[in-house]
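The values are calculated or read from the model by the stated rules, or taken from the named source; none is laboratory data. Since the structure is predicted, the reported quantities are computational estimates derived from the model, not experimental observations. Here the Cβ is made from the backbone with ideal geometry for all residues, glycine too, and neighbour counts use every protein chain on show.
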Amino acid sequence: MAQRRSPSRRDGAGGTILPVPNLLQADGVSKHYGGVAALRDARFSIQAGEVHALIGENGAGKSTLAKIMAGAVRADRGTIAVDGRPVTIATPLDAQRLGIGIIYQELDLFPHLTVGENMAIGNLGLRESLLVRFGRLEDFCRPYLEQVGLTCSLRQPAGSLPIGKQQLLAIARALSMNVRILMMDEPTSSLSEDAVDRLFGLIRELKGRGVALVYVSHKMDEIFRICDRATVLRDGKTIRTVETAATTPSEIIRLMVGRDVRMATRTERRATGEVVLSVDRLTTAKLKSVSFELRRGEVLGVAGLVGAGRSELGAALFGLDTIRSGTVCRGGRPIAPRSPSDAMRHGIGLTPEDRRLEGLMMSMSVLENGTMTVLQRMQTWGFLRGRQETRELSAVGRQLALNCPSLGAAVATLSGGNQQKVLLARWLLLDPEVLFLDDPTRGIDIGAKQDIYRIIDDLASAGKGVILVSSELPELLRCCDRIVVLCDGRVTAVYEAKEATQENIMASATNAAPNGGGTR
């Protein structure tokens, strides 16, 4: 396979061809957590004006290597050089002084602080006295927020923003630090298609200014669309660095997993005529007269841009948001879920968009997280039947191909894909008739995605009604029988699988489709 030649230039004297040095080079980097090796003599290099993908399965060491280069984690051994000179990056401030910034997959924002405060805190680019002037803060922050397409008040708490807008805030904050090297860990995991296009335009602009961008992602289409080179990690080791123009997605996947991966196709199925969930003119603080039906054995997709109301739909059905008007019927009977426990009694389950903050108890074990919705049936006189708990979760774990050291391991120690499987295990144990999956493959690798697609197909084949929200249109087209499109809290179109395309879904998501798009 072709290796990238180092860029070269001619010197001014004799025309000799000289190699261009790497802007950053990491060699022999190793990191252990207890007895587990996260990195083993990994190496990585990037040049100015290059977009370089860092890819591998969950647990391959990508995020650990990025955190070491950003000063958030100390390596056990290894060297890092910037501009050809060895450097010590002991803290994030050290990295910032060297012009290195990072945007984490699990955002490191302060949810109770304002947007402006999140931009300013620890930012060496903002020179202020002890008393920060709001006008000065506005002048500093607003250009970077506009650059990423985020319109909001600087006084708004960051935690009140939807996860997609929080992602944009994190990007804006990193840009405000005048980075020369910017590492992006799954930066599009919560962004809609239009926000992704805006981000890619920004990446091209930064590249043109000589900024080096490390792009950590599982999305092959994005890697081949935006990246010049790709370095593949597997089991903490650097496997190979390749030019994206000289390789293929299937070859990169083979390098990632060490074997060929069978890409599952959409299961042919026929939904029954029985309606398991009917929503009529549902209105909340965000949603405006939303109506649709979900049939038994059907996967109903929900598409829309950031802020369209996709997550709010799940929150309303699961009793997290107050329903102001309209009706929800389960099995032909009107219901009005006022809490998650109320929704579960009516046979409705929800996996939230942010699995770490809203779905999982990160310090608790896999067993505790997986069985918390079914504890009532696993106890006698208030005492848990531990053997039954372990037996049932183990069976579901095998069904999901869950990979964890033990059921007693803290869920925080698992990869993103396995954390998502723990969430799914919780609902497979409860066995609801309707399951709302809010971006269930966000930030997970291609192998885990295939496992989750298989589970979605199995749920539909078993007669469940599945509502699937996804920021990835190809995922909706692969999994869904019908797709509801939301724009500004309203349904603008409903497409059957055979008529749905990325183009007409995006047109409806921006309310640009003739007559609102497909059938209602």
Item checked: Only one of ILE181, ILE203 that is among the hydrophobic types (A, V, I, L, M, F, W, C), within 20 Å of the chain's Cα centre (by Cα) and closer than 28 Å to LEU93 by Cα -> ILE203
Next item on the list: Can you confirm whether the range 121-129 contains a residue that is surrounded by fewer than 19 Cβ atoms within 10 Å (Cβ to Cβ), touching a residue at least 40 places away in the same chain (Cβ under 8 Å), outside any loop (DSSP other than H, G, I, E, B) and not aliphatic (A, V, I, L, M)?
Entry: no
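Restricting the search to the range 68-99, which residues are assigned to a helix (DSSP H, G or I), surrounded by fewer than 21 Cβ atoms within 10 Å (Cβ to Cβ) and not hydrophobic (A, V, I, L, M, F, W, C)? Break it down into steps so the answer makes sense when it comes.
To start, the set of residues in the range 68-99 that are assigned to a helix (DSSP H, G or I) comprises 68-69, 92-97.
Now narrow it down to the ones that are surrounded by fewer than 21 Cβ atoms within 10 Å (Cβ to Cβ): 92-94, 97.
Hits for the range 68-99 are PRO92, ASP94, ARG97.
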Margin query: With the requirement that a residue be outside any loop (DSSP other than H, G, I, E, B) and surrounded by fewer than 22 Cβ atoms within 10 Å (Cβ to Cβ), what does the range 301-313 give you?
Written below: GLU312
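Could you check, for the range 330-340, whether at least one of its residues is crowded, with 19+ Cβ neighbours inside 10 Å and in a loop (DSSP other than H, G, I, E, B)? Reasoning before the result, please.
We begin by selecting, within the range 330-340, every residue crowded, with 19+ Cβ neighbours inside 10 Å; these are 330, 335, 337.
Then keep just the ones that are in a loop (DSSP other than H, G, I, E, B); that gives 337.
Within the range 330-340, one or more residues are crowded, with 19+ Cβ neighbours inside 10 Å and in a loop (DSSP other than H, G, I, E, B).
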Checklist line | Condition broken by SER406, with the remaining ones in (1) within 28 Å of ILE223 (Cα to Cα); (2) out of contact with any Pro (no Cβ under 6 Å at 6 or more places or on another chain); (3) of a type outside the set (Val, Ile, Thr) satisfied | finding: (1)
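crowded, with 19+ Cβ neighbours inside 10 Å, at pLDDT 85 or above, within 22 Å of the chain's Cα centre (by Cα) and part of a loop (DSSP other than H, G, I, E, B): is that true of LEU65 in this structure?
Numbers: crowded, with 19+ Cβ neighbours inside 10 Å: yes; at pLDDT 85 or above: yes; within 22 Å of the chain's Cα centre (by Cα): yes; part of a loop (DSSP other than H, G, I, E, B): no.
Criteria not met by LEU65.
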Notebook entry, point to check: Among the residues of the range 133-167, which ones are out of contact with any strand residue (DSSP E or B) (no Cβ under 7 Å at 6 or more places or on another chain), at pLDDT 85 or above and not in a helix (DSSP H, G or I)?
Noted result: LEU150, THR151, CYS152, SER153, LEU161
Check: Mind checking whether some residue in the range 155-172 is more than 28 Å from VAL232 (Cα to Cα), in the same structural domain as THR188 (by TED's automatic domain parsing), over 23 Å from the mean Cα position of the chain (by Cα) and not polar (S, T, N, Q)?
Finding: yes
Next item on the list: Determine whether SER325 is of a type in the set (Gly, Ala, Ser) and either at pLDDT 95 or above or surrounded by fewer than 19 Cβ atoms within 10 Å (Cβ to Cβ) (or both).
Entry: yes
Checklist line | So GLY417, is it out of contact with any Gly (no Cβ under 7 Å at 6 or more places or on another chain) and buried (at least 16 other Cβ atoms within 10 Å of the Cβ) | finding: yes
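Against the condition outside the structural domain of ASP445 (by TED's automatic domain parsing) and buried (at least 19 other Cβ atoms within 10 Å of the Cβ), how does ASN403 come out, does it pass? Write out each step before concluding.
Values: outside the structural domain of ASP445 (by TED's automatic domain parsing): yes; buried (at least 19 other Cβ atoms within 10 Å of the Cβ): no.
The answer is no for ASN403.
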Check: When you scan the range 345-367, how many residues do you find that are crowded, with 19+ Cβ neighbours inside 10 Å and part of a helix (DSSP H, G or I)?
Finding: 4
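Give me the helices (runs of 4 or more DSSP H) completely within the range 374-475, filtered to those with at least 2 residues that are of a type in the set (A, V, I, L, M, F, W, C), within 30 Å of ILE252 (Cβ to Cβ) and in contact (Cβ under 8 Å) with a residue 40 or more places away in the chain, ordered by residue number.
Values: elements: 386-400, 416-430, 446-461.
Correct list: 416-430, 446-461.
If you scan the range 168-211, which residues turn out to be among the acidic types (Asp, Glu) and either part of a loop (DSSP other than H, G, I, E, B) or at pLDDT 85 or above (or both)?
First, the residues of the range 168-211 that are among the acidic types (Asp, Glu): 185-186, 193-194, 197, 205.
Selection gives ASP185, GLU186, GLU205.
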Item checked: Number of the condition not met by ARG97 [criteria: (1) in contact (Cβ under 8 Å) with a residue 40 or more places away in the chain; (2) over 28 Å from ARG442 (Cα atoms)] -> (1)
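I'd like the residue in the range 433-454 that is surrounded by fewer than 20 Cβ atoms within 10 Å (Cβ to Cβ) and not basic (Lys, Arg) and, out of all such residues, is modelled with the lowest pLDDT. Give the steps one after another, and end with the answer.
To start, the set of residues in the range 433-454 that are surrounded by fewer than 20 Cβ atoms within 10 Å (Cβ to Cβ) comprises 433, 447, 450, 454.
Subset that is not basic (Lys, Arg): 433, 447, 450.
On the way: GLU433: 94, GLY447: 74, GLN450: 83.
Checking each candidate, the answer is GLY447.
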Check: If you check VAL434, VAL422, VAL411, which single one turns out to be under 19 Å from SER311 (Cα atoms) and not basic (Lys, Arg)?
Finding: VAL434
